[in-house]
Structure formats: C-alpha cells, structure tokens
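Structure, as structure tokens:
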Amino acid sequence: MGRMNKILLIDDEPQIIQDILLSYGYQVDIAIDGFMGLQALLKPNIIYDLVVLDIQLPKMDGWAVLKAIREGEDCPNILVIMLTSHDTEQSMITGLRRGADLYMTKPVTPGVLLAQMEALLRRTQWDQDSNNQTSASVEVKNDGLLTQREMEIMKFILQGLTNHEIGENLAITETTVRNHLANIYKKLNVSNRNQAAFMAQKLKLF
C-alpha cells in the first residue's frame, strides 16, 4: 500500500487484537474507552486509516462513538470495523446501517480480521487514486448534474454547515442529509465533503 497504515484500536481489552496488528506491521494506537477514542481522532497532525471499534466500552459505548464519527466534521468517512460479542443478524444490520464499514463478532480470527482490513484499505486506496485522476482530467456538464435538493445541500456544505444544521435548515432528518450526500459523492466521484466542495467549485456549479 506504499506506507504503513495507522490504526486506532478502541477497546477496553485491546491486547490480543493489538498483538495481531503489530505482528503484521500496522501502527497501532490504543484507546480503552469511547471518550478516549474520540479524543484520539481529534488530535492534530495524526491521521488514522482505520478504526477498530468495540461496542461494549466504558464511558461511551461503540454505538455513540460511531454516531459521533459519522456526524462529525473531522473524519466522517474514516473506515470503521465494529467488534461485538453479540452474534445476531439484527445487531449486524444495525451496525452497518449506522455507518460501520464492517461488523465482526468476537473472538475474531486473526487471518479473517487482517484479510478484511486489507480489503477495506485497498478499496479506499483505489478510490483515492481514481478520485485523483478524475480531479485532474474531469470534464462534466454542470446542467442537471445535481438535483435541486442536492444543490441546496451543496450550498450549505460550502458554507461549512454540519449535517445537523443542514437538516434543521431544510426541515429534514440527518439520515436524509447523509443519503443526499452519498448521492452527491457518487455523482461527483468523490468520497467526502471537502472533495465535494472542491469539485463543486471546479465545476462551477454555483
């Protein structure tokens, strides 16, 4: 992948997974509760490629951490693998719907965990490479590219509003805002709001 990937492991019993990741050459930082995990993600000049997040955590559980990540402005699109001891279909569906990229049950098999991580990281690298190529050469007609509602949301993105604030302004839920953003990202061939704002300006959508 060109460089050593940096992983944030948020788990109150991190030793086994930490040892697995370290043995395969990953850089690993540890947070033993949800609050510490969010604080680590907010540290300046530290960029994580992926978060391994346990659901059962002290102070702030994994669901709350995932919600804060996906609705925040700092790293809303970071890869998140959720770990849980609850091996139920409904729990898995809930995790994926709330924004987890992968949902795994404990105890994890080292080989499976590593293969899944590598697949997620590789896919993200491909997306970034594709976006870089697109940004350098894209020529797209502005007319009709985004719907009227998507254009309204993009205007708020350019103003720096959060998903919550956009929802309040448009009288829609944050989930609806996120769904519109997903469509915008797909149409503009980008993966986050910063790239979307850049492409909106490049394509002179406004």
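The values are calculated or read from the model by the stated rules, or taken from the named source; none is laboratory data. Every value quoted in this text rests on a predicted model; they were computed, and no experiment measured them. Glycine gets a Cβ as well: all are built from the backbone with ideal geometry, and neighbour counts include every protein chain shown.
Listed values, structure above:
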| item | result |
| --- | --- |
| In the stretch 159-176, the residues that are surrounded by 14 or more Cβ atoms within 10 Å (Cβ to Cβ) and under 17 Å from C75 (Cα atoms) | L161, T162, N163, E174 |
| Selected residue [within 19 Å of E73 (Cβ to Cβ) and modelled with pLDDT under 90] from L188, L145 | L188 |
| The stretch 19-40: number of residues that are without any contact (Cβ under 8 Å) to a residue 60 or more places away in the chain and more than 21 Å from the chain's Cα centre (by Cα) | 4 |
| The stretch 51-92, subset closer than 20 Å to R178 by Cβ and either of a type in the set (S, T, N, Q) or touching an Asp or Glu at 6+ places or on another chain (Cβ under 7 Å) (or both), residue modelled with the lowest pLDDT | N77 |
| Filter result (of a type in the set (S, T, N, Q) and out of contact with any Lys or Arg (no Cβ under 9 Å at 6 or more places or on another chain)) within the stretch 149-174 | Q159, T162, N169, T173 |
| Those residues of the stretch 30-41 which are closer than 22 Å to L120 by Cβ and either in a loop (DSSP other than H, G, I, E, B) or touching an Asp or Glu at 6+ places or on another chain (Cβ under 7 Å) (or both), in sequence order | G34, A40, L41 |
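Each row is one residue, and each column tells you yes or no for (1) out of contact with any strand residue (DSSP E or B) (no Cβ under 7 Å at 6 or more places or on another chain); (2) charged (D, E, K, R); (3) within 19 Å of N192 (Cα to Cα).
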| position | (1), (2), (3) |
| --- | --- |
| V28 | no, no, no |
| A31 | no, no, no |
| Q39 | yes, no, no |
| I46 | yes, no, yes |
| L50 | no, no, yes |
| K59 | yes, yes, no |
| G62 | no, no, no |
| I69 | no, no, yes |
| C75 | yes, no, yes |
